[in-house]
1. Of all residues in the stretch 180-217, count the ones that are among the hydrophobic types (A, V, I, L, M, F, W, C) and within 14 Å of Ala338 (Cα to Cα).
2. Quick one: which residue in Leu278, Leu335, Leu285 is in a helix (DSSP H, G or I) and more than 10 Å from the ligand (Cβ to nearest atom)?
3. Pairs needed: first member in the stretch 194-213, farther than 20 Å from Leu236 by Cα and open to solvent by less than 10 Å² (accessible area, probe 1.4 Å); second member anywhere, modelled with pLDDT of 95 or more and among the aromatic types (Phe, Trp, Tyr); C-beta distance under 9 Å; at least 6 residues apart or different chains.
4. In the stretch 298-327, how many are open to solvent by less than 10 Å² (accessible area, probe 1.4 Å) and under 19 Å from the mean Cα position of the chain (by Cα)?
5. Among the residues of the stretch 177-216, write down those that are more than 15 Å from Leu363 (Cα to Cα), within 16 Å of the ligand (Cβ to nearest atom) and not polar (S, T, N, Q).
6. So the check is Cβ under 9 Å with 6+ separation or different chains; which pairs have a first residue in the stretch 269-298 that's more than 13 Å from Ser239 (Cα to Cα) and free of Cβ contacts under 8 Å to residues at least 12 places away in the same chain and a second one that's open to solvent by less than 10 Å² (accessible area, probe 1.4 Å) and more than 8 Å from the ligand (Cβ to nearest atom)?
7. Select, from Glu355, Glu383, the only residue that is more than 16 Å from the ligand (Cβ to nearest atom) and assigned to a helix (DSSP H, G or I).
8. Open to solvent by 40 Å² or more (accessible area, probe 1.4 Å), out of contact with any Lys or Arg (no Cβ under 8 Å at 6 or more places or on another chain) and of a type in the set (S, T, N, Q): is that true of Thr188 in this structure?
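The values are calculated or read from the model by the stated rules, or taken from the named source; none is laboratory data. Please read these numbers as outputs of a predicted model, since none were measured by experiment. Heads up, the Cβs are rebuilt from the backbone with ideal geometry, glycines too, and the neighbour counts pull from every protein chain shown. Just the protein is used for accessible areas: all its heavy atoms, side chains included, with ligands, DNA and RNA removed. Shrake-Rupley method; radii C 1.70, N 1.55, O 1.52, S 1.80 Å.
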Amino acid sequence: MHNNPWQRALAQLQRTLELTDAHPDLQNRLKQPDNVVEVNVPVVMDSGETKNFRGYRVQHNNIRGPYKGGLRFHPQVDLDEAKALAFWMTMKNALVGVPFGGGKGGIEVNPKELSGGELERLTRNFARELAHVIGPEKDVPAPDVGSTAQMMHWIADEYSKHVGEHSPAVVTGKPVAHGGSEGRTEATGYGGGYALEVILAKLGKEPGTVAIQGFGNVGVYFAHYAVSRRFTVVALSDSKGGIYAPGGIDVGAAEKYKNEKGTLAGFTGKDISNEEILTLPVDVLVPAALENALTKENARAVQAKVILELANGPTTIEADETLKEKGVIVIPDILANAGGVAVSYFEWEQNRSGEKWVKDDVLRKLKEKMESAAEKVWNESIEKNITLRDAAYVVALKTLGDM
Ligand code: NAD
């Protein structure tokens, strides 16, 4: 049951409540989302036939500001997953100190099976269905698995038509030419790198070898950052499988190969499965794909000393217990991948003020936010003698309680 992400989110909330003295009103409010929107999205396919897709938007909590979180386009999207992801956004936004609440949504679809035109019609129709519940001061979506900057532009466009004025701040993660921020594409991967370096320094560890599961937006930019900081990326994988080269992988060339061939298989080293990548002898393991990658079954075989959770919810509760017993340090998702929403906040600020910040400024501000959040989590974990995950939730809950 705990592999159901929403049950897992509730269990984590309960655990955190036991470590804090949160006001009962706050406790009750966090136990369910404020609003759940479920829509039917009809799309005329290229064949002329009309197909219906199921879409969701969960607005978990807005104590700190507008609901904020991504839209996932994936065949396994469902309501419980969206509720969990929205809850994690509430906690993440509080932890990293951005004035947003938590939201998440998506469509049950495999975007790879749709043509460009079908995807555009699906996204625009979904935006029209959501137009009455989103807005720059109400709920601000962003990209997630399977969704892109281009899709965010289509949503901003549809929303602007709906309200009758140009409203780029209704979504973040747009292309830079359409009101996006410099540095947003890199933000989650780089942000994870900044947090990792703080924690490794506290542990007295040097940059070492890294295995990354998931070579999409987040995995690719983390890999580039890691290499620039003297880590050796020895394994990469995507939905079709992965590669392992103990001497190190040329990340730029791997990215090019994947873009050309649609897979990493055969690029260099040895072909491995998505399961094998999790248990390689590396210093740092980086799940950067989907939920529930680390389970009761495989956690025992993990050899990494540190796990950087760039994906949301990659570790089941049972796996978490096992990793704790083994002394593996887990840098939790709500800290590790908060860089994306931090720069989404910068994008929203730029849209509202009409400013355009240069990339160096964006990345400097991102680094400050991630380092400050990582320091707080580390200090809380030392003070209370709890895991980094529990500490991250405690810091987030205290911040929510201060509102
Ligand atoms: P993406 O769609 O760009 O990439 C996902 C990657 O995961 C792809 O390489 C895909 O092939 C791979 N993948 C899918 N299923 C897999 C499997 N079973 N095993 C291994 N790889 C698999 O998505 P993304 O934006 O990089 O998001 C990845 C994770 O990071 C998600 O959990 C997402 O919620 C989280 N996240 C993303 C952002 C962001 O800014 N994009 C921010 C915070 C958290």
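1. Residues meeting the conditions: 3.
2. Leu335
3. Once the first residue is farther than 20 Å from Leu236 by Cα and open to solvent by less than 10 Å² (accessible area, probe 1.4 Å) and sits in the stretch 194-213, its partners that are modelled with pLDDT of 95 or more and among the aromatic types (Phe, Trp, Tyr) give Ile199/Trp378.
4. Qualifying residue count for the region: 10.
5. Leu196, Val210, Ala211, Ile212, Gly214, Phe215, Gly216, listed by residue number.
6. Listed by first residue and then by second, the contacts come to Glu297/Ala319.
7. Criteria check complete, one pass: Glu383.
8. So Thr188 does not fit the description; no.
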